[in-house]
Amino acid sequence: GESVGLHLPTLSVQEGDNSIINCAYSNSASDYFIWYKQESGKGPQFIIDIRSNMDKRQGQRVTVLLNKTVKHLSLQIAATQPGDSAVYFCAERLTGGGNKLTFGTGTQLKVEL
Amino acid sequence: DTGVSQDPRHKITKRGQNVTFRCDPISEHNRLYWYRQTLGQGPEFLTYFQNEAQLEKSRLLSDRFSAERPKGSFSTLEIQRTEQGDSAMYLCASSLREGRQETQYFGPGTRLLVL
């Protein structure tokens with residue numbers, strides 16, 4: 001399954017399928033990007049990050065892709081599991097903008113059994 | 001547990017009262033951040049410290065808000081004369097400044113409800 005970020009805030013996938021969560025970031029001067037997972041009532045949990053001099057980075061079951069030309073970031077989750085159900089946020093850090101993160105609105109991922 | 005901790009986890013107060021939240025960062029982390037999150041939105045930056053110095057404050061941080069990190073370890077966020085619009089989740093994060101790739105780790109948050 002695939003989301004289009006702000007225009008489709010909920011993504012439903014079947015257990016075992018791959019998920020793709022998209023994010024359009026706002027500032028071409030951003031140099032660092034992070035994906036966080038947030039479960040209900042909890043703080044955001046770090047998943048994976050990527051610097052602007054890279055276009056792909058892989059972790060365990062997750063891959064982040066960065067397309068600076070169109071200011072687009074995506075998170076791919078392989079073999080989605082029920083425990084992956086949460087809201088996923090992308091965040092960007094502006095070069096020379098201190099160290100604060102600017103977060104997107106988020107995408108709700110629902111994994112159906 | 002060696003993660004970021006926050007206290008209290010929940011706070012209900014009446015409009016006009018003052019509230020104070022505490023954040024204990026990961027022990028070796030020299031940077032500490034406060035964010036605010038309202039329902040259905042991503043966290044919004046409020047302020048951050050490097051050691052005990054407050055280096056940046058958002059325009060969201062009105063004069064009713066004050067944050068301190070007196071010994072460069074834990075931090076407090078105080079809201080004076082609370083308003084209903086202050087109801088939100090207040091998140092604390094910490095990081096270790098080590099090169100340019102600096103991951104912020106979040107605590108569980110303090111959920112504030114102003115009646």
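The values are calculated or read from the model by the stated rules, or taken from the named source; none is laboratory data. The structure presented is a predicted model; accordingly, all values stated were derived computationally and were not measured. Every residue, glycine among them, receives a Cβ derived from its backbone with ideal geometry; neighbour counts consider all protein chains shown. Protein only, heavy atoms only, side chains kept; ligands, DNA and RNA dropped before computing areas. Shrake-Rupley method; radii C 1.70, N 1.55, O 1.52, S 1.80 Å.
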Notebook entry, point to check: Can you pull out the residues in the stretch B:95-113 that are modelled with pLDDT of 95 or more and open to solvent by less than 10 Å² (accessible area, probe 1.4 Å)?
Noted result: B:G107, B:G109, B:T110, B:L112
Notebook entry, point to check: Checking A:N99 against (1) surrounded by 20 or more Cβ atoms within 10 Å (Cβ to Cβ); (2) free of Cβ contacts under 8 Å to residues at least 60 places away in the same chain; (3) not in a strand (DSSP E or B), which single condition isn't satisfied?
Noted result: (1)
Item checked: Residue list for the stretch A:29-51, restricted to those being open to solvent by 10 Å² or more (accessible area, probe 1.4 Å) and more than 18 Å from A:T105 (Cα to Cα) -> A:A29, A:D31, A:R51
Item checked: Test for A:V13: is it surrounded by 20 or more Cβ atoms within 10 Å (Cβ to Cβ) and at pLDDT 95 or above -> yes
Item checked: Test: B:F49 is within 14 Å of another protein chain (Cβ to nearest Cβ) and farther than 30 Å from A:P9 by Cα -> yes
Check: Quick one: which strands (runs of 3 or more DSSP E) sit completely within the stretch A:20-71 and have at least 2 residues that are more than 12 Å from chain B (Cβ to nearest Cβ) and modelled with pLDDT of 95 or more?
Finding: A:56-58, A:62-67
Notebook entry, point to check: Does B:A93 satisfy being in contact with a strand residue (DSSP E or B) (Cβ under 6 Å, 6 or more places away or on another chain) and at negative phi?
Noted result: yes
Next item on the list: Take the residues in the stretch B:28-61 that are open to solvent by 40 Å² or more (accessible area, probe 1.4 Å) and small (G, A, S), then tell me which one is modelled with the highest pLDDT.
Entry: B:A53
Next item on the list: Identify, from the list B:E78, B:E98, B:E102, B:E68, the residue that is touching a Ser or Thr at 6+ places or on another chain (Cβ under 9 Å), among the acidic types (D, E) and within 14 Å of chain A (Cβ to nearest Cβ).
Entry: B:E102
